[in-house]
Every structure is written in C-alpha cells, then in structure tokens.
C-alpha cells in the first residue's frame, strides 16, 4: 500500500484536457478532479485520477467493469467520499477528508456540489410513489425552493424535451425502462445543473430501448450540455464525445478525441479492451 | 379457442368453489357442536344470557376505542423508535434499543400492573389518572416497541438507490426521510399494522385487570357474581372472535386495494 501524497502546491493539470468544440473561448474548466484516490477497504480502486471538464463538453469514460469508472463518477458527486484528492464543481471545491469530523459546512458544500452535478443512474431510481411530474419537480421545490408553479413550468419543458408529455401524470411503474430513464434525465435537467453525470445509463435497459435514451443524450450533447458519461456504447461516444478516457485499474491509460482513442488507440491495453468489446458485439 | 380450455377453467373454478363450501360447512358444524352441544345439554342458561348480554356487549365500543387509540399512539412511538434504532447517534440509538429491550423482555401484564399499581407509589399523582388512560398508555408503550421493529424493517426495505437519488438531488437526510423513505415505508408496513391492530383487540382484554370496564371485565364481573362464567366468557370469546374476523376481512380488502393501486403505480 502506498502512502497517500500530500496535496500538491501547484494545481496538477489533466494532460488530456483541451476545451471542446462548443466551449466558449477562454472558459475555465467547470469540473476539476485532482489526484483522486479511492480505497474500498484495502482495495485500491482509483489511483490518482485527474480530470478537467470544460463547459459544454461531453466526456465519455470507458473501461471494463471494476476498472473504477463508475467509482470516479460517484466520487464526483460524493456518493462515495474520495480517500484523497479534491473535487471542484462550478467553483465549489471540496477536498477529501475521510478522517475529519463531518461539519455542517462540509455537508452543505457537498450538497452544493450535488445540486450542480446531477446524476443519472443505471437503475433510474425514480421515486415510485410520485408521478412523473412530481418526480421531476421534487428537487427544485424541496431543495432549491423554487415556487411550485414555476417548477412545474420548467419541469414540463424538460418532460416535453425527453418526449414524455403524455406520461406527465403516470407513476413510474407504468413506464418502460427507456421512458423511466428519460424521466430521470428530465429530473436531472430540471435542477438546472452545471454538469450532468451519467452512470451507465443504458446498461439496465432492454436492447430495443437503448436507442431512445442515447438519442436524448446525444441531443443534449449537441446542444452544449456539459456531461460526463460512463458507458459501453462506443457508437454514442464516437458521435457525441469531445473526449474519451480509457480507464484501467484506477488510472487513465489514455484520453483524447474519440477518433484517436477509439479508432487509433496508442496503448496496447486500450487496443485489447476495444477488440474484446467489438468481438462481443 | 379450443373449447377444452374453457372446460378446464370451469372445472377448476368448480373445484375451488366446492373446497370453500366444504370448509364453510365444516366450520358451521363445529360451531354447532360446540355451542349447540352445550345448549342441548342444558349447560347454557339462555335466559340469563339474554338478560345480561346488553351489559356485556356494551363493553365492545370501549374495547374498540382502547384498541384504536393504543394503536395510534403505538405508531407514533414506533416511528420514533425506528428512527432511533437507525440513528447514527449513539445516545439516540441507546435510548431506542433500551426501550425495545425492556418492553420485549417483560410480560405485558407486568407492564400494565406496574403502571397502574407501582407508579403511584413513586408519585401519588398517578393514582388520580383514570385507569383507562393508564391502560391505553401501557398498551401503546408495549406495542410501540414491537412495532418499532416493524417500522425499522420497513425503512430498511427501501432500496439504496432511492436514497442515492434523493441525495443526488441535494436533499438533506431529514428531507430524504420525510419525502422519500417514510412514504414508501408506510405502504410496506400497512399490512403488518393491520395484524398488530387485530392482536391489540385481543390484548386489550388484559387491561380488565385494572378494572377498565371493557368487554372482558363486564363478562368476568357479571359471570363471577352470578356464578355463570361459562355463559359470559363464552359470549366474550365469541365477540372477540367475531371482531378479529371482521377486521381480518377489512384488512384483506385494504391489502387488495393497495395491491391494485400498486399495479396502477
């Protein structure tokens, strides 16, 4: 077991980062993960990950299961507390402090980050006792204290955007997996976050329903939403991503534009992974 | 469709109907043997019963009021107890687990007697509190502890993803509990609360020992003063039985309705 490094005096940079096609000139990175380490017990899952995401970029994280890609996403919104490193989202910077006493201020900062980095889950996690509309306005009304009618107006806009206006008053159990995931996307969008985190959003779906969800996500990417997507959908990554990162054993092996990482990977491990993925398909 | 499909279905339905009819018939015969047998043997004084039945049955509303209000307070205690049992605060957890432990580790009858007889020795003011209030307190206190475990299990049955989703929206733990976990947990525990209510109807008979004039107290008092406990206790038993049967049917209906609305959800 290596000892954890002390925080760097100089901010370390993501060597693969470069502002995306839609990034306004001169814009600062909106998400900065710096030297993230994560242990589960003695299992060293993330080994010093640094990632910078610029506004209006779409980043895809690929890698085999157990490589740490989902854990990295969960560290970004503090579903998992990193063992070391710092997370910065929209100028809110929180350093990992696994041994520190939890203060109210610390919890408030984490909630701030979560509001700005909305997560879309593999298993949708809609609230089953609420209708589609109630699911979508719950966050704005209860967390952001948006007036109810204003929240409903925003919610309807995004429910319409994911093409589910006719399901507005249904309960989730009456929806297909693809519809549920689109509601979950609308729920995240209605919080008006700075960045969207997608944790294998199509992995729990029937293959015939994957397309409708990827379609919504690709639209968002092209409209300039900032997104970090953990996925196995290479076609989506190729079409929508500004950068693709290949992660293995908790480190980035390589990163860059999809045409480089997916079509001409320089590292042997990336080549093996992509070859296996293609054979399987 | 092949007519055989219909024939099979009809035959199955007939079989099910015959089974239920036979079960019903068996019950009627058994009850007839029990009550009718005693009657025929001249062991039941019908005249005595008809003279006193109004007084005895007059205890039924009190039994129901006691049961309903005790369940109500028990639910409040149980929600608090469950939150305590799930708390990360050691003192809060300690209080909740202590409560559950003393209640579950001692007989209900001892708790009732302790509250009614022993507490006034500590503070004489307790003697001024009506027995029915103390009885409801004892039953609530006892059932609250058992139902604490029901609520705890109900809360823990909510999938982790629900908490993740609530936290991801930026909700505090308190808001997550109130808006996401408890509403779903309450649906889960409703059938169990129904069972507890039915058990409560029967256990409410125990507070006859502190002279609350509910169903059993009336049956017992009339019976023993007139040396006719066979009639009065038999009547009381039949009434308890009828009450629990009626509430089981109600509970069944409620559960079916909930299952349907779950399907609609």
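The values are calculated or read from the model by the stated rules, or taken from the named source; none is laboratory data. All of these numbers come straight from a predicted model, not from anything done at the bench. Neighbour counts are summed over all protein chains in view; Cβ atoms, including those assigned to glycine, are modelled from backbone coordinates with ideal geometry.
Table for the structure above
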| item | result |
| --- | --- |
| Residues of the stretch A:36-78 satisfying the condition of being in contact with a helix residue (DSSP H, G or I) (Cβ under 6 Å, 6 or more places away or on another chain) and under 18 Å from residue A:120 (Cα atoms) | A:58, A:60, A:61, A:77, A:78 |
| Residue match in the stretch A:190-198 (condition: part of a helix (DSSP H, G or I), closer than 29 Å to residue A:61 by Cα, out of contact with any strand residue (DSSP E or B) (no Cβ under 7 Å at 6 or more places or on another chain) and touching a residue at least 40 places away in the same chain (Cβ under 8 Å)) | yes |
| Set B:158, B:188: member being free of Cβ contacts under 8 Å to residues at least 60 places away in the same chain, assigned to a loop (DSSP other than H, G, I, E, B) and either within 14 Å of chain A (Cβ to nearest Cβ) or in contact with a strand residue (DSSP E or B) (Cβ under 7 Å, 6 or more places away or on another chain) (or both) | B:158 |
| Only listed residue being closer than 22 Å to residue B:187 by Cα and more than 9 Å from every other protein chain (Cβ to nearest Cβ), chosen from A:169, A:149, A:199 | A:169 |
| Sole exception among (1) in a strand (DSSP E or B); (2) over 20 Å from the mean Cα position of the chain (by Cα); (3) without any contact (Cβ under 8 Å) to a residue 60 or more places away in the chain for residue A:105, by number | (1) |
| Residues of the stretch A:170-189 that turn out to be in a helix (DSSP H, G or I) and closer than 23 Å to residue A:147 by Cα, as a count | 7 |
| Residues of the stretch B:167-177 satisfying the condition of being assigned to a helix (DSSP H, G or I) and facing chain A (nearest Cβ under 8 Å) | B:167, B:168, B:175 |
| Residue in the stretch B:209-220 that is under 17 Å from the mean Cα position of the chain (by Cα), away from chain A (no Cβ under 14 Å), part of a helix (DSSP H, G or I) and crowded, with 16+ Cβ neighbours inside 10 Å present | yes |
| Filtered residues of the stretch A:162-191 (kept if within 28 Å of residue A:28 (Cα to Cα) and modelled with pLDDT under 95) | none |
| Unmet requirement for residue A:159, which otherwise passes all of (1) free of Cβ contacts under 8 Å to residues at least 40 places away in the same chain; (2) within 14 Å of chain B (Cβ to nearest Cβ); (3) buried (at least 18 other Cβ atoms within 10 Å of the Cβ) | (2) |
| Test: residue A:126 is farther than 27 Å from residue B:158 by Cβ, in a loop (DSSP other than H, G, I, E, B) and either more than 14 Å from chain B (Cβ to nearest Cβ) or touching a residue at least 24 places away in the same chain (Cβ under 8 Å) (or both) | no |
| Criterion violated by residue B:152 - all others in (1) assigned to a helix (DSSP H, G or I); (2) more than 14 Å from chain A (Cβ to nearest Cβ); (3) more than 30 Å from residue A:105 (Cα to Cα) satisfied | (3) |
| All positions within the stretch A:227-270 that are under 20 Å from residue A:216 (Cα atoms) and in a strand (DSSP E or B) | A:227, A:228, A:229, A:230, A:243, A:244 |
| Filter result (part of a helix (DSSP H, G or I) and surrounded by fewer than 22 Cβ atoms within 10 Å (Cβ to Cβ)) within the stretch A:134-150 | A:134, A:141, A:142, A:148, A:149, A:150 |
